[in-house]
Structure formats: structure tokens, C-alpha cells
1. Report whether or not A:Ala45 is more than 20 Å from the chain's Cα centre (by Cα), part of a helix (DSSP H, G or I) and touching a residue at least 60 places away in the same chain (Cβ under 8 Å).
2. Go through (1) surrounded by fewer than 18 Cβ atoms within 10 Å (Cβ to Cβ); (2) in contact (Cβ under 8 Å) with a residue 40 or more places away in the chain and name the single condition B:Ala128 misses.
3. If you go through the stretch A:240-258 one residue at a time, do you hit one that is touching a Ser or Thr at 6+ places or on another chain (Cβ under 6 Å), touching a residue at least 24 places away in the same chain (Cβ under 8 Å), part of a loop (DSSP other than H, G, I, E, B) and farther than 16 Å from A:Pro209 by Cβ?
4. Within the stretch B:208-249, track down each residue that is aliphatic (A, V, I, L, M) and modelled with pLDDT under 95.
5. Please work out which residue is surrounded by the fewest Cβ atoms within 10 Å (Cβ to Cβ), limiting yourself to the stretch A:228-269 and to residues that are small (Gly, Ala, Ser) and in contact with a helix residue (DSSP H, G or I) (Cβ under 9 Å, 6 or more places away or on another chain).
6. Have a look at B:Arg201, B:Arg184, B:Arg222 and point out the one that is touching a Pro at 6+ places or on another chain (Cβ under 9 Å) and away from chain A (no Cβ under 14 Å).
7. Being out of contact with any helix residue (DSSP H, G or I) (no Cβ under 9 Å at 6 or more places or on another chain), open to solvent by less than 60 Å² (accessible area, probe 1.4 Å) and at pLDDT below 95 narrows it down to one residue among A:Ala9, A:Ala17; which is it?
Amino acid sequence: MYTQGLDQAGKDQEAGAETPEHLEAFQKRIDAEEKIEAKDWMPEAYRRTLVRQISQHAHSEIIGMQPEGNWLTRAPSLKRKVILLAKVQDEAGHGLYLYSAAETLGVSRGQMVADLLSGKAKYSSIFNYPTLTWADIGAIGWLVDGAAIMNQIPLCRCSYGPYARAMVRVCKEESFHQRQGFDIMVSLCRGTAEQKAMAQDALNRWWWPSLMMFGPNDANSKHSAQSMAWKIKRFSNDELRQKFVDATVPQADFLGITMPDDALVFDKDSGHYSFGEIDWQEFMDVVAGNGPCNRQRLEKRNKAHNDGAWVREAAQAYAEKQAACAAA
Amino acid sequence: MSRDEAVIAYVLRLADNALILAQRMIELVTAKPELEEELANANFALDFIGQARMLYSYAAELEGAGRSEDDFAFMRDGNEFRNLLLIEQPNGHFGDSIVRQYLFEAFYVHQLDALTRCKDQRIAEIAARAIKEVRYHLRHISHWLIRLGDGTDESHQRVQASLDELWRFTGEMFVSDEVDVAIRDNLAGPDLEAIAALWKRDVEDVIAEATLQLPEDQWMARGGKQGQHSEHFGFLIAEMQFLQRSYAGASW
Ligand SMILES: [Fe+2]
Ligand SMILES: [Fe+2]
């Protein structure tokens, strides 16, 4: 998931069919771990929460193609080029399945895309950081896909069936991406001193933003409770962040590079790593649109969309002509 | 030129066409008009890079000088690349890149078809694998050409202009030189004159269905097959090779 943990319940909607009996029956199904399907009755707030979360996730997949696509033409070997291109292609595929999953909730892809292009919809702010060296491609696979997996594995059990099923497919590919990213880091760390320095520099820049991917601390994430009750979310932001840190620090040790956090220490009593305070001001700035690449990312998406307008119109016009011929 | 040298030169031409077209196509990642086209573009570029890798590896084996696929891709200078000029033309707009790919693949499919029957078994095997991919690309690409040609007035005009602009790079595909002759005579390889006729027939059909005009016979550019490229080719190569060149001897 690349949704920032900002998912929150939608506004209470008009009572309509949402009688206490209906709501109670719905919650019983959730508690019994039944999957909710597109045609089933669901509270409006549940539907809206999912639309927001799934569409943010889809947008993140699409915007996430940009920082990695940035190194496609410069990938240092044909093998790495193929792996990176296949990865970027997978992300486009993830975007497609997720838009389809969101569409089952009654929102069109066109509307979701329009919200992304206008800046109204959010996507994961990790993709507002720049990829400055080849090592950033390794760091993204290792850390960003790694964090995404932590978030997404529980989503495979999400109460909403179409989302859960999309996640099963996505997770398989994300774990492949994570391993490939780590493999780039291994090559760099076993390489020349310059390559290793490149790897350390990438870790320095990507570590904190990766931790921010899990969203605000639990104390500041009051809307997660409803998502947990609905079994859209299974673990809190802080729980997932801790799992990620615990899994990732030993990998950095293996690579022989260090996290840019002086406070990072293994706590024997708890069996977890404790780590320093995240710069939440930076997080809020990037979410608010003031990260290094927010404007660039949206401009690029808008340019592609606008440059393609005549092409989509042509396809539409051609399809209409064909339909008219067939009807005649 | 010995028989082996001709085979190596020919295999490298095939590989360079595939790699350089893929390199142009990946410049377009995240710039496509639809998400479905992102998938198709990446897919086709992956096919081309896969073909290039098989071909470079074979060239390396034939040469026996210890070079790798990456040495061919990243350590040769621009004038050592032997791709067609058509392939390296800048992307332009969506219609330009569709026309560029269509004109090339309409040729490539016949070239590969002939190569599946050539006497060099490795080349025949690679061609047999590649032709399946290229047939699939052609269906997709020619459908786009037809939609753009027979879409709106604007798309019709734009894609007609693409065709008129790129047409002068098509002649080079059919000009035989000593490498082509050696492959044809020694390995029962493609006969470029015969392919020219097949290509023209296919292109005329698609252009007619697209309600476009076939450009008039005209002066044709050439030089790519001999290593004389366009000015912008240097930038493509510089970008592609930057890491390998900047960190000599590093492995990635
Ligand atoms: Fe993804
Ligand atoms: Fe991924």
C-alpha cells in the first residue's frame, strides 16, 4: 500500500438504508471474516474509505513509475535494464488492476484520473523524492517496495474481496521487486569504493522517507480505528513501521552500510530496534505538495495526458465509425 | 571480409536495430496517452532488448574475443553501431513513434521470416522466436496506424505528416551491401529485393485502410548500416552508456 496511512472514514452519510440492523449485520459478516463483494450491501462510509484508499494506491503505482523510469535509459547493463523495465511495467499493471478494483465500488477510472491530474487526489509522497543516482533504483526496490510489502501483505486479507484479490497478485510482484532492488544494493556494496559510497548516499536519502510511508504515528492517526474494525487495515501504522525497521536493519548490516539514524539501537528486552524521531514536518510538507518533485511528477502526468488527447479522440472517433458501419 | 566477419556484422546489425529502437521506446515510458499503451510499449521494448541480448551474445561467441553483450551495447562508439537511421529517429509525438515502429517492423517481420530458413542454426532459432513477438507488435501497431489515419481530421493530418517525414528513411532497409550479399549467398539469408516487394504490398494495404496517402518516391537517406548516424544519435548513445563509461571496470 502506498496510501500514507491517511485513509480515513468518509463523512457520515444520510441514514438511508443504514439502519442499525443493517450496520450490525454488516459488522457481523466482517467479524466472521466473510469477504464483502461488489454487489453486497455496504455502509457508504466503508465504500468511500475503500475508494479513497484503493484509488490512492493506484495513483501511487502510476506516479511511482516516474522516479524509476528516470533511470531506464541509463541502466548500467542490459540485464538491469530489462529488470527495471519489467518492474516499471508491473507498476503500470498494478495501477490498472487497482483502478479496476476501485471501479467495482462505483467510481470511474476517468474520474479517479481527473482527481489525480488536478492535484485533488493524493498518492504516496515517497515518489516526490528524486532518483539522483543508479543506487536510488536499488534503494527504491529494497526500501520502498519493501515497505509496500509490509503494508500490502495484510491487505491480501482485506475484508473487501476485489481489493484483497488484487493485492494477492500485486504482492507476488512487489516481493520480486524488493529482491531485485536488494540485489542492486549487493552489487554496489561489493563493488568499488565509489559504488559503495553511492549505495550509502542512497540509503541516507531514502531511509527516512521510507519510514514515513507507514503514515503518522498511531497517536495521530485517529481514523485508523474504523478501518481496523472494518478489517480494511489489520495492523496499525506504528506496528507496520516497526516490522519494517526490524526486517531492514539486518539487511543494511549485511550490506555493510548504515542507517542515517544515531538513535537506532537494538533493544534486547523488546526484541525490536528502537529508532529516532521522524521529521513529521517534512512529511507534512511533502504531503502538502512541497516535496522536491511534487510539481514535476504532476506536470509530467498532465503533459502525458494532454499530449495524448488527440490520440484518445482519434481512437474514439474510429471506434464510432466502426460501430456505425457495423450497424449500417 | 571473411564469411565469419560477415555473419558477425550481420548479427550486430540485427542486434543494434533491436536495442536502439528499444532505447527510443523506453524514453517514452510514463509519456504514453493511455495506461494500456504503457504496458504495450514496455512489453514491446522488453521483446526488443531480449532479442538484442541473444544476438549480442551470439556475436560475442562468433568473435571469440571475450566481449560480452554489455561490451557491445555500452563500450562501442556511435560509429560502430549499425542500426538503420529510421530506428534512431527521435520519438516526436505518438503518431511519429507509431509510424517509425510500423515501417520498421513491417520490414523486420519479413527479414526474420527469411532468417528462420537460413543455414545458420542459431540465427534461425533466434529469428523463429523473435518473429512471434514481432507479428504481435505489428498487429497492435498497424491497428493504431489505422485508428489514427481514420480517426479525426487532426489525427489524420498528424499521422500523414509522420509518414511523409519518416518515409525517406525507409530506402536504406532495402539497399544491399556486401554483408547482406554474403548472408544471402552463403547462408541462404534474406533477399532484400524480394522483401522490398512484400514490405511495399503490406504497407500499401495498411496505409489504404488508414485512409492515408502513400508518400511519393523520393530521395532516400542512408548510412546507418555503415555506422554514419544522425546528430542526435550521439546523445542517445551518451545517455545509454554513461554509467559503464564513467565507472570503467565496475560491475553492476
Ligand atoms: Fe506496485
Ligand atoms: Fe513495486
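The values are calculated or read from the model by the stated rules, or taken from the named source; none is laboratory data. Predicted model only: the values in this text are computed from it and were never measured. Counting neighbours? That spans all protein chains shown, and the Cβs are built from the backbone with ideal geometry, glycine included. Surface areas here come from the heavy atoms of the whole protein model, side chains and all, with no ligands, DNA or RNA. Shrake-Rupley method; radii C 1.70, N 1.55, O 1.52, S 1.80 Å.
1. Spelling it out, A:Ala45 is indeed more than 20 Å from the chain's Cα centre (by Cα), part of a helix (DSSP H, G or I) and touching a residue at least 60 places away in the same chain (Cβ under 8 Å).
2. All conditions are met except number (2).
3. For the stretch A:240-258, residues touching a Ser or Thr at 6+ places or on another chain (Cβ under 6 Å), touching a residue at least 24 places away in the same chain (Cβ under 8 Å), part of a loop (DSSP other than H, G, I, E, B) and farther than 16 Å from A:Pro209 by Cβ: absent.
4. Hit for the stretch B:208-249 is B:Ala248, nothing else.
5. A:Gly256
6. Details: B:Arg201 fails: touching a Pro at 6+ places or on another chain (Cβ under 9 Å); B:Arg222 fails: touching a Pro at 6+ places or on another chain (Cβ under 9 Å).
Selected residue: B:Arg184, the only one of B:Arg201, B:Arg184, B:Arg222 that is touching a Pro at 6+ places or on another chain (Cβ under 9 Å) and away from chain A (no Cβ under 14 Å).
7. It is A:Ala17.
A quick yes/no check of all residues on (1) of a type outside the set (D, E, K, R); (2) open to solvent by 40 Å² or more (accessible area, probe 1.4 Å); (3) over 19 Å from B:Ala18 (Cβ atoms); (4) at pLDDT below 95:
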residue	(1), (2), (3), (4)
B:Lys132	no, yes, no, no
B:Arg147	no, yes, yes, no
B:Gly151	yes, no, yes, no
B:His156	yes, yes, yes, no
B:Leu166	yes, no, no, no
B:Phe169	yes, no, no, no
B:Ser176	yes, yes, yes, no
